[in-house]
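The values are calculated or read from the model by the stated rules, or taken from the named source; none is laboratory data. No experiment lies behind these values; they were computed from the predicted model shown. So basically every Cβ, Gly included, is an ideal-geometry build from the backbone, and we count neighbours across all protein chains shown.
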Amino acid sequence: MTKGIPPTWFITGASSGIGLALARAAAARGDDIVAVARDVAPLSTLVDEHGPRVLALPVDVRSAAEVHGAVSRAVEAFGRIDVVANNAGYGLFGAVEESTDDQARAVFDTNVFGVLNVLRATLPVLRAQRSGHVLQGSSYYGRVAHPGVGLLSATKYAVEGLTDALVGELQPLGIKVTLVEPGPTATAFVSRLDVAGTIDDYDGTVRVVQKASAELPPEAFDDPDRVAAAILTAVDADRPPLRLVTGSFAVRSIRAALRGQLEELDAWAPTAEAVDRVPAA
Ligand SMILES: NC(=O)c1ccc[n+]([C@@H]2O[C@H](COP(=O)([O-])OP(=O)(O)OC[C@H]3O[C@@H](n4cnc5c(N)ncnc54)[C@H](OP(=O)(O)O)[C@@H]3O)[C@@H](O)[C@H]2O)c1
């Protein structure tokens, strides 16, 4: 960020849910916004409210050409990009075996290859500036998984893995990186879920989770405006986190998973270390 100049955001998935809440919150404090989605109609109110400070562009993140075009338009309009919110995505629910090849490839196309398209198009701008902040749209499902979310989690784990490498590549170039890991949030995400076909053998696992999820009360879902506020806090921090978890359900789930992993690592360390050619000192 440059002192005295409002930061410019490039936000994907900005037409709904967390992305729209983020675009609204950043615009409300005077930042410049490039808001990207396939259907930009839901962004008309934001554009009307803020005029030329909000540029809404119809883009499918699966198209490298469309993403590059949008980044060129962003630089033409605002001269720079300070924060990239790589947020567009959707979910696929069903047992791993139930998801068809088409469904699995489609969710990777948006959630992973879309993220890569945005990185390839925006990072040249950020590297030239030697500044910027990349927010990678992950999920608590990027840290934990349970029956029914295998393919969705696979996409988010992929984003987590590439981002763990990315942070060390970008840090020397003056670019910050934060993985955003929301818990269940009240957006259009659940209504837009792709659902895989049914195999009876998964009724006792996947369908039980599906039923339990459908019966969750509204208060089980966090407010996207509060998620956006947490993201702004991270972006404004002198030392932003590599992983920003939002919602106490996500915090509890990730903490339990980490504890379990550490306990298992310790319990099996003697077996693991026994393969060393030279015994550890
Ligand atoms: N809600 C949750 O419980 C939750 C929890 C953890 C993580 N997340 C993550 O948060 C992110 C935002 O989701 P949300 O909850 O805000 O859901 P949402 O309300 O459904 O918003 C999804 C956004 O992504 C856009 N999008 C989807 N596919 C796209 C494509 N191919 N190209 C461009 N834009 C596309 C949608 O707009 P168009 O359809 O118009 O393109 C929309 O703006 C996702 O990455 C999701 O995995 C959500």
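Some notes on this structure:
- Some residue of the stretch 39-51 being within 15 Å of the ligand (Cβ to nearest atom) and part of a loop (DSSP other than H, G, I, E, B): yes
- Those residues of the stretch 4-23 which are on the phi > 0 side of the Ramachandran plot and either at pLDDT below 95 or more than 7 Å from the ligand (Cβ to nearest atom) (or both), in sequence order: 4
- Cβ-Cβ distances below 7 Å connect the following pairs, each with a first residue in the stretch 207-218 that is under 17 Å from residue 194 (Cα atoms), a second residue that is surrounded by 10 or more Cβ atoms within 10 Å (Cβ to Cβ), and a separation of six or more residues or different chains: 209/146; 209/147; 209/148; 210/93; 210/148.
- Of the numbered criteria (1) out of contact with any helix residue (DSSP H, G or I) (no Cβ under 7 Å at 6 or more places or on another chain); (2) within 15 Å of the ligand (Cβ to nearest atom); (3) in a helix (DSSP H, G or I), the one residue 153 fails is (1).
- Enumeration of residues in the stretch 164-195 that are part of a strand (DSSP E or B) and under 16 Å from the mean Cα position of the chain (by Cα): 176, 177, 178, 179, 180, 181, 182, 185
Conditions (1) aliphatic (A, V, I, L, M); (2) under 18 Å from the mean Cα position of the chain (by Cα); (3) not in a helix (DSSP H, G or I), marked per residue:
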{"position": "209", "(1), (2), (3)": "yes, no, no"}
{"position": "213", "(1), (2), (3)": "no, no, no"}
{"position": "225", "(1), (2), (3)": "no, yes, no"}
{"position": "252", "(1), (2), (3)": "no, no, no"}
{"position": "259", "(1), (2), (3)": "no, no, no"}
{"position": "265", "(1), (2), (3)": "yes, no, no"}
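- Here the condition is being within 12 Å of the ligand (Cβ to nearest atom) and within 22 Å of residue 39 (Cα to Cα); of 90, 141, it holds for 90 alone.
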